[in-house]
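In what follows, a single structure is set out as structure tokens and then discussed.
Rule-based calculations on the coordinates, nothing more; no lab input. Worth saying up front: this structure is predicted, and the values here are computed from it rather than measured. Backbone-built Cβ (ideal geometry, glycine too); neighbour counts: all protein chains shown.
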Ligand SMILES: [Zn+2]
Ligand SMILES: [Zn+2]
């Protein structure tokens, strides 16, 4: 990762003062995001931008701020491209490993860190990449619509009913589909 340093926090520097992390990187630089685009119909059309502050006020290192990007994914009904902007507030807490190298101590600390929902830390540099990409992945909606009342595609000829009309006779919904339709309307 050529730009790794952009999303790294050096603990020796952080000890003396808070550290600002500002970055703008293509999503493909983030391993899990690159993987996601390969596995789904989703695309990142903006780089991932971040403005964060790392702080080490006590036992725990806090990294907080905003990250943003824009994804493009197909409308669930008509399959046209929908842009979806993500603006996320993030807060990640890291628990630094003890400075003495006792394995027993480290192990204990790791367990308790887990309990508290902290990310245990090993070494003297934090790479916040994996936490950031998890935040992005969790924020991506499962389904999007190009507009609230998207008419979708004709089930017979496939024409986009938002733009065209067709003369197809709609099949009479049998029970299963009718039930599905009801569920959609209730939403
Ligand atoms: Zn649509
Ligand atoms: Zn049709």
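The table for this structure:
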read-out: Burial ordering of 126, 137, 67, fewest other beta-carbon atoms within 10 Å first; value: 137, 67, 126
read-out: Protection proxy ranking of 142-148, 130-136 - average other beta-carbon atoms within 10 Å, highest first; value: 130-136, 142-148
read-out: Rounded FRET efficiency, nearest 0.05, which uses the C-beta distance separating residue 38 from residue 87 and R0 of 41 Å; value: 0.95
read-out: Spin-label pair residue 51/residue 127, simplified geometry with 7 Å Cα→Cβ offset, distance in nm; value: 2.7 nm
read-out: FRET efficiency, residue 66 to residue 166 (Cβ-Cβ, R0 41 Å, nearest 0.05); value: 0.35
read-out: Theoretical gain in end-to-end length, residue 147 to residue 10 [0.36 nm per residue, Cα-Cα removed]; value: 44.8 nm
